[in-house]
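Peer 1: Mind looking over this structure? Questions follow.
The values are calculated or read from the model by the stated rules, or taken from the named source; none is laboratory data. As the structure is a prediction and not an experimental result, all values here were calculated from the model. Heads up, the Cβs are rebuilt from the backbone with ideal geometry, glycines too, and the neighbour counts pull from every protein chain shown.
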């Protein structure tokens, strides 16, 4: 789930508590947003348009280096954002595929590698986005925000966890929800709704 990636980004950024505790709340928020950002390509070609599993981590290295040699609230926060962004696409290979019903296992595409020009295969350690184990990982990764973060961090984490739980509950009926939204939303907004690319009947 997008929120799982966001929590992982925030969790990685929480190490700033050890070196710059005054910056940690902003860094965790930045890591959260960086982890969330790639999934905005749901409106385009998911896991390809804004996902860079090799390039994003490589680009994060100089930002991390800058924060190490010239630490400041700005450089540390930027590094946290870059780490969240880079880790998202890389860890997508451990989940399910890009198909609308990834529990059907009709596709192995996990995330597109722009450097090599091919799709990386899904490992399915987490069977699909919105699986119960996905929520478990999100809950564990949210702990640093809940325990070490500011009041705003905790509010963000609790809200995101609630959304995550709701998503898990409706995941296998998501396309029914999308069909309802498609009927009621204004036409200019329709393009932002996901599109069915594979048959979606239950197995």
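Peer 1: Test residue 84 against the stated conditions and say whether it is touching a helix residue (DSSP H, G or I) at 6+ places or on another chain (Cβ under 6 Å), in contact (Cβ under 8 Å) with a residue 40 or more places away in the chain and under 15 Å from residue 28 (Cα atoms).
Peer 2: Yes: the conditions hold for residue 84.
Peer 1: Please name all residue pairs, on different chains or six or more residues apart, with Cβ atoms under 7 Å, provided the first residue is in the range 172-198 and is more than 20 Å from residue 1 (Cα to Cα) and the second residue is modelled with pLDDT of 75 or more and in a helix (DSSP H, G or I).
Peer 2: Correct list of pairs: 191/43.
Peer 1: I'd like the residue in the range 93-112 that is in a helix (DSSP H, G or I) and free of Cβ contacts under 8 Å to residues at least 60 places away in the same chain and, out of all such residues, is surrounded by the fewest Cβ atoms within 10 Å (Cβ to Cβ).
Peer 2: Restricting to residues being in a helix (DSSP H, G or I) and free of Cβ contacts under 8 Å to residues at least 60 places away in the same chain, the top hit is 94.
Peer 1: Considering only the range 40-50, I want to know if a residue exists there that is within 23 Å of residue 140 (Cα to Cα), in contact with a helix residue (DSSP H, G or I) (Cβ under 8 Å, 6 or more places away or on another chain), touching a residue at least 60 places away in the same chain (Cβ under 8 Å) and surrounded by fewer than 20 Cβ atoms within 10 Å (Cβ to Cβ).
Peer 2: no
Peer 1: Another question, then. Restricting to the range 184-201, what's the tally of residues that are at pLDDT below 75 and in a helix (DSSP H, G or I)?
Peer 2: Qualifying residue count for the region: 4.
Peer 1: Okay, next question. Do we find that residue 68 is assigned to a helix (DSSP H, G or I) and surrounded by 15 or more Cβ atoms within 10 Å (Cβ to Cβ) in this structure?
Peer 2: no
Peer 1: How many residues does the range 68-78 contain that are without any contact (Cβ under 8 Å) to a residue 24 or more places away in the chain and within 23 Å of the chain's Cα centre (by Cα)?
Peer 2: Result for the range 68-78: 2.
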